[in-house]
Amino acid sequence: MVDNVGAGASSDDGGVKLEQDRLLPIANVGRIMKQILPPNSKISKEAKETIQECASEFISFVTGEASEKCRAERRKTVNGDDVCWAMEALGFDDYAGPLRRYLQRFREMEGERANQEKHANIDNISIGGQEKDAPVPSSSSSYRKKQGIRM
Amino acid sequence: MRQAGTYSGLLSGGLSGRTGPHSLPLARIKKIMKKSGDDVKMISGEAPILFSKACELFIEELTQRSWMMTIQGKRRTLHKEDVASAVMATDILDFLVNLVSNSSHSMDNPVEVETIATSKS
């Protein structure tokens, strides 16, 4: 699950850095804001833009701290644990707990997904009529239900 | 239709059905992470996913704090000045001080420009 990001991978667009590249989409930002505010509230466009900027700054700030830790420990890849650690170090303790649980669930699901794919491949072989003893789930979705996979 | 990206498998077959769709685009988050510094070379796949959740929490918190300023001003529209006030009032948001003061105070304090005399004889 490691993305190879070369130092020369950043695109320059002829010297002009597209603002869209360094900001999260304003529609997404606006939606998150709206969901947390009371129904009759209004948000000015400038306020949305400001928070959009702040979110990017937040990512940079935390990434910088996480990256520093990796450098000090002579590791090349910034992973999820580094990100959690950096948030705690920078005072965002409240986030660390929910994020660690989120990360845990993500890792579990990735493991389950890998398992499902493995079983799906075996089922495909058995459906061909080779193994009549092997249990064949009626559909992959019922297989998921049997595994009790839920959030 | 956009081309399938690095994270499309995760979004369609993996987490989206379980945790809900990611509110924020993972590829964009990764770009922003890369730009944060030259020493950021390799990023694990899970880091942008964590950030998509973290940014959601962050935006929510900043919005709520800003809204408290709006309420104090007896208004119902959240303005950028409210965001600036919230940043000033919160220690952990110190890293945003320059960002919000740049946007809310334009040309209040003219920047002093040092002219360096270059003498070429």
Spacing of the two label points (7 Å from each Cα toward its C-beta) at A:GLU108 and B:ASN102, in nm: 4.2
Apply the Karplus curve 6.51 cos²θ - 1.76 cosθ + 1.60, θ = phi - 60°, to the phi angles in region B:72-82 and return the couplings in whole Hz, x for Gly and Pro. 4, x, 6, 10, 10, 10, 7, 9, 5, 5, 5
What are the ³J(HN,Hα) couplings of region B:93-102, residue after residue, when phi is run through the Karplus curve with 6.51, -1.76, 1.60 and θ = phi - 60°? Round to Hz, x for glycine and proline. 9, 3, 5, 9, 4, 5, 4, 7, 6, 5
Once you order the gyration tensor axes a ≥ b ≥ c over the Cα atoms, which shape class does region A:19-125 get: rounded for a/c under 1.5, otherwise prolate or oblate by comparing a/b with b/c? oblate
Surpassing 26 Å at the alpha-carbon level, of the pairs A:LYS48/B:LYS30; A:LYS42/B:LYS31; A:LYS76/B:LYS35, are A:LYS42/B:LYS31
P(r) for region B:26-102: what percent of alpha-carbon pairs falls in each 5 Å bin, starting at zero? 3, 14, 19, 18, 17, 15, 8, 4, 2, 0
What ³J(HN,Hα) values, in whole Hz, does the Karplus curve 6.51 cos²θ - 1.76 cosθ + 1.60 give for region A:23-30 when θ = phi - 60°, with x put for Gly and Pro? 10, 6, x, 5, 5, 5, 4, x
Between A:ARG74 and A:SER44, what is the label-point separation in nm under the 7 Å Cα-to-beta-carbon projection? 5.3
Could you check the simple spin-label distance between A:ASN115 and B:ILE71, using points 7 Å along Cα→Cβ, in nm with one decimal? 4.5
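Every read-out reported here was derived from the displayed coordinates using simple, explicitly stated rules and does not represent laboratory data. None of the values given here were measured: they were computed from a predicted structure. With ideal geometry, Cβ positions are generated from the backbone for all residues, glycine too; neighbour counts draw on all protein chains shown.
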